[in-house]
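Attaching a single structure in structure tokens format; questions to follow.
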């Protein structure tokens, strides 16, 4: 079945655009500032500062993503994201989701590679920089999103709240038995909730994003489990394409948008 819309992960996802307070001006500025609880901002800042201190970690996110079909029903797909990171520029990530081919990402500080085993296809983009910088750069240029990576990169780069217009501390919640600060934020087009572990390890433990532009308000959620002492193999972040694998090109974002508009118009004609 054709699908007309989806909730993406930060990651985006997402693509997950979870973002900082837009600066107001004139008489509206004090009102905008009061709409965001300083304690909610402080909790996000603590999380970002803590993530910066971690030399390495592995994290697993159990995901659930709503999609709205052309015929109207809202359906939900499950998935999982497994990622291993080593500072400053090592990443391996596997993204698994119902009805889609599994994808793996590799970043070794020199290039970012994508491997789709089911299609025996791979792509690679030459880039350098820390992992958060690379995620931001690649997402801005190419039609690539990093589920989970958006959340972590945004926290580390202090851009997670950039477009937020309202934010509160909802209270205390538990995620898999871990006591967390439960935060809520609003920005144009989306509401999102974040659960941050209390205490000395302010790790993100759960994320829920609600898309407001659809009448059925589809959601994307991630529940995160962390390992802060992972065993990392020397070849974890390197990718060598197998013999016979087909190299593909990653579409640049503007071209991808144009193709998506055309595909959507064709789908609507088919329904008629």
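The values are calculated or read from the model by the stated rules, or taken from the named source; none is laboratory data. These figures come from a predicted structure and were not determined experimentally. Ideal geometry is used to build each Cβ from the backbone, glycine not excepted, and the neighbour counts take in all protein chains shown.
Only one of these is modelled with pLDDT of 85 or more and on the phi > 0 side of the Ramachandran plot: 109, 90. Name it.
Result of the check over 109, 90: 109.
Give 167, 154, 171, 184 a once-over and let me know the one that is buried (at least 21 other Cβ atoms within 10 Å of the Cβ) and touching a strand residue (DSSP E or B) at 6+ places or on another chain (Cβ under 7 Å).
Checking each option against the conditions leaves just 167.
While we're here: What's the number of the condition residue 120 fails, among (1) within 23 Å of residue 244 (Cβ to Cβ); (2) buried (at least 16 other Cβ atoms within 10 Å of the Cβ); (3) out of contact with any helix residue (DSSP H, G or I) (no Cβ under 9 Å at 6 or more places or on another chain)?
Checking residue 120 against (1) within 23 Å of residue 244 (Cβ to Cβ); (2) buried (at least 16 other Cβ atoms within 10 Å of the Cβ); (3) out of contact with any helix residue (DSSP H, G or I) (no Cβ under 9 Å at 6 or more places or on another chain), the one that fails is (2).
Here's something else I'd like to know. Need the failing condition index for residue 244 against (1) touching a strand residue (DSSP E or B) at 6+ places or on another chain (Cβ under 8 Å); (2) modelled with pLDDT of 95 or more; (3) surrounded by fewer than 16 Cβ atoms within 10 Å (Cβ to Cβ), just the number.
(1)
Still on this structure, I have one more. Would you say residue 183 is modelled with pLDDT under 95, in contact with a helix residue (DSSP H, G or I) (Cβ under 7 Å, 6 or more places away or on another chain) and closer than 22 Å to residue 64 by Cα?
no
Given the residues 39, 45, which is the only one that is at pLDDT 50 or above, touching a strand residue (DSSP E or B) at 6+ places or on another chain (Cβ under 7 Å) and not in a strand (DSSP E or B)?
39
Let me ask something else about it. Within the bounds of segment 135-145, is there any residue that is at pLDDT below 95 and under 21 Å from residue 235 (Cβ atoms)?
no
Do any strands (runs of 3 or more DSSP E) lying entirely in segment 127-238 carry at least 3 residues that are under 16 Å from the mean Cα position of the chain (by Cα), and which ones are they? Break it down into steps so the answer makes sense when it comes.
On the way: elements: 166-175, 178-187, 190-197, 204-211, 219-227.
Because the criterion is at least 3 residues that are under 16 Å from the mean Cα position of the chain (by Cα), the strands (runs of 3 or more DSSP E) in segment 127-238 that meet it are 190-197, 204-211, 219-227.
Out of the residues in segment 56-69 meeting the condition of being surrounded by fewer than 20 Cβ atoms within 10 Å (Cβ to Cβ) and either in contact with a helix residue (DSSP H, G or I) (Cβ under 6 Å, 6 or more places away or on another chain) or at pLDDT 95 or above (or both), tell me which one is farthest from residue 209 (Cα to Cα).
Of everything passing the filter in segment 56-69, 56 is farthest from residue 209 (Cα to Cα).
Evaluate the following for residue 83: is it within 25 Å of residue 210 (Cβ to Cβ), in contact with a strand residue (DSSP E or B) (Cβ under 6 Å, 6 or more places away or on another chain), at pLDDT 95 or above and buried (at least 18 other Cβ atoms within 10 Å of the Cβ)?
no
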